[in-house]
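Below: one structure, written as structure tokens.
The values are calculated or read from the model by the stated rules, or taken from the named source; none is laboratory data. Predicted model, so just to flag it, every value in this text is computed and none were measured. Cβ sites come from the backbone with ideal geometry, for glycine too, and all protein chains shown count toward neighbours. Ligands, DNA and RNA are stripped out before the accessible areas are found, and what is left, the full protein with its side chains, is counted by its heavy atoms. Shrake-Rupley method; radii C 1.70, N 1.55, O 1.52, S 1.80 Å.
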Amino acid sequence: MLKRMPLFAGFQPRLVQDLRDYNRDRLFKDMGAGATVGIVALPLAMAFAIASGLKPEAGLWTAIIAGFLISALGGSSVQIGGPAGAFIVIVYGIVERYGLANLLISTFSAGVLLFLMGFFKLGTLVRYVPVSVVIGFTNGIAVLIALSQLRDVLGLQIDKMPADFFQQIGTLSRHLDTFNPWAFGLAAACVVGLFLWPRLWADESGFRKKLEGLDRVSALKATSRVPAPIVALVSLSVLAWALEMPVETIGSRFGGIPQSLPTFELPSFSWATAQMLVVPTLTIAMLGAIESLLCARVADQLSDRPKHNPNQELMAQGVANAVVPFFGGMPATGTIARTVTNIRAGATSPVAGLVHAGTLAAVVLGAAPLAKHIPLAVLAGVLLFVAWNMGEWKEFARLRQFSNHYRLMLLSTFFVTIVFDLTVAVELGLVLAVVLFVLRQSEIFRAEPMVAEPGSLRYKLYGSLFFGAVAKIDPIVDAVERSPCAVQVELDASQMLSLDTTGLDALEQLHKALHKRGGTLTLTGLNEQPRSLIERSGFGQKLTPPIG
């Protein structure tokens, strides 16, 4: 008697597996890594939320709540979840077109879709997205993130930035006369500092070598472990406050960050608005799935922990995105920068992710009043640095090494992402990938003539005879129809790898043309898949000799 499997038998968080052989040494490593990542996540979470058109606390509590749930329920030992730069353009567009309440509904609906994708084991489907499409939209998003930050980098007096690419450029150009050199100086100093800080403390750095002979080198080396975004955030905020720089801050724009827990609220919902949110929902779900699984694959390459479970990871992402909207949060996914930081800090299990969320919550609840002094130009500098690291710019220089098909998919996805929309770009990229794949496979198939006796024709088939290649059977049909007498056609199919129903129909048309003139069709050397289709269709009985 068959045993019925429990409904959620496939729901197996990695945390449960990692705790089976957990020990004190791993706990200390995870606590140190989690605290480090929690500090790194502080400026990023605020910057992502502000750039998305939301209040900074939306990003902070998304990093805390979603980060905790993704680590507790996910399929990776070291992945860190939270708000991501890839969502900035999407979220900003949704807020502009549909409003904040509908963003929350879209995020919740996307969470449900992500959970169902994982539950029905569709996690591996994301790997079928061509790398050229992924690079194209990733670089396009990076450009849009950088463009969206120019307002705060230049300190321009713009009440609200539009979501459209050309409108953004027009708005920025019309307000260049409000340029604020103080804001630009802070943003530039932030970018330069983020670039130089890790290089100052690298093992081969001359600066570090000079410190090795000092008595207090241990204290100075401890400084090197402070994350660069925190160094930039604290130092430049203090500098702006001390010099009373005339720049916009979190306090001046948002009134600061509440020093309290978020409240549970139900967003207003109606079926009329829900029908308009199908595309935004699919966009969030698709981008969340791609980003989280790409991040998990990067983590697998950098960590010695067991490989991630893509379906479990999607279910965790789904739960997180279904929960955070009720606390005013934004979409969340796996984040590569924080995950890499987590791995390099020595994380061994999802406990580090839980500590990261706890650390961030403690900082928010304990030091929220200080956040009002943070200049928005500094956060914009952080995002410029994130956008630069997010893009794979070397791929543009390497395009000459690849085929025209690859270049077309990457560049079209890149430009459509910038000018139109990420969803349209990915759809276009996938359509192009399918069309170009069909063309490539149709070029591979060929029917080569062979030496034959008088009154007969012989051909050898190579590749796959499918809907994209059936035109290459037409010359054989034409040769039969031009023949003044009945002919026998023999097709050597030993090198024909596969056959679809359209290819089968082309063979049947060839047989009909032969049958009208009293000729016969013979297929030899059939492989397993073509033979099976021919037998099941009944066409094999019409051949000479019959098959099946």
As a test of the formula, what do you get for the chain when each DSSP H run with n ≥ 4 contributes -39,500 (n - 2.57) and the sum is divided by the residue count, at 222 nm and rounded to the nearest 500 deg cm²/dmol? -19500 deg cm²/dmol
Could you give me the ³J(HN,Hα) list for the range 41-46, computed from phi with Karplus coefficients 6.51, -1.76, 1.60 and θ = phi - 60°, whole Hz, x at Gly and Pro? 5, 4, x, 5, 4, 5
Placing each pseudo-label 7 Å from Cα in the direction of the beta carbon, GLN167 and GLU528 end up separated by a distance in nanometres of 5.7 nm
Sequence order, the range 467-475: Karplus ³J(HN,Hα) from phi using 6.51 cos²θ - 1.76 cosθ + 1.60, θ = phi - 60°, Hz rounded, Gly and Pro as x, gives 4, x, 10, 5, 4, 7, 8, 4, x
Quick one: angle between helix 310-323 and the longest Cα principal axis of the chain, in degrees between 0 and 90, rounded to 10, please. 50 degrees
Does anyone have the angle between helix 528-537 and the longest principal axis of the chain? Alpha-carbon axes, 0 to 90°, nearest 10? 60 degrees
So the carbon and sulfur contribution to the accessible area of the chain, 1.4 Å probe, in percent, is 63 percent
Would you please give the residues with an amide H less than 5 Å from that of THR348, counting only those at least 5 places away or on a separate chain, with H modeled from the backbone geometry? ASP30
Step through the residues of the range 377-391 one at a time and calculate ³J(HN,Hα) from phi using the Karplus curve (6.51 cos²θ - 1.76 cosθ + 1.60, θ = phi - 60°), rounding each to whole Hz and writing x for Gly and Pro. 5, 5, 5, 5, x, 4, 6, 4, 5, 4, 4, 4, 6, 6, x
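Compute the projected area of the convex hull of the Cα atoms of the range 253-308, averaged over all viewing directions, and report it in nm² to one decimal place.
7.9 nm²
Give me the accessible area per residue for the range 431-548, probe 1.4 Å, as a whole number in Å². Before the final figure, lay out the partial values.
Values: 6310 Å² over 118 residues.
That works out to 53 Å² for each residue.
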Non-local residues with an amide H under 5 Å from the amide H of GLY155, with H modelled 1.01 Å from N and Pro and chain starts lacking one, are ASN180
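How much of the DSSP beta bridge set in the chain is antiparallel, as a percent to the nearest 5?
Counting DSSP beta bridges with both partners in the chain, the antiparallel share is about 35 percent.
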Based on alpha-carbon centroids, what's the gap between the range 255-290 and the range 323-359 in Å, whole number please? 20 Å
Once the other residues with Cβ under 14 Å from the Cβ of PHE402 are scored (Lys, Arg +1; Asp, Glu -1), what is the net sum? +3
What whole number of Å gives the distance from the Cα centroid of the range 444-510 to the Cα centroid of the range 298-320? 48 Å
Under 18 Å from the Cα of LYS55 - aspartates and glutamates, other chains or at least 8 residues apart: GLU96, ASP152, ASP159, GLU248, GLU265
Any chance you could run the full-extension gain for ALA479 through SER456? It's 0.36 nm times the residue separation minus the Cα-Cα distance, nm to one decimal. 7.2 nm
GLU490's amide H: which non-local residues (gap 5+, or another chain) put their own amide H closer than 5 Å, with H modeled 1.01 Å from N in plane and none for Pro or chain starts? LEU457, ARG458, TYR459, THR522
Determine the alpha carbon to alpha carbon distance for each of LYS121/LYS472; LYS372/LYS394; LYS210/LYS372; LYS472/LYS512 and list only those over 28 Å. LYS121/LYS472; LYS372/LYS394; LYS210/LYS372
Unit-weight point scatterers at every alpha-carbon of the chain, Debye formula, q = 0.06, 0.07, 0.10, 0.11 1/Å: log10 I(q)/I(0) is -0.41, -0.53, -0.87, -0.98
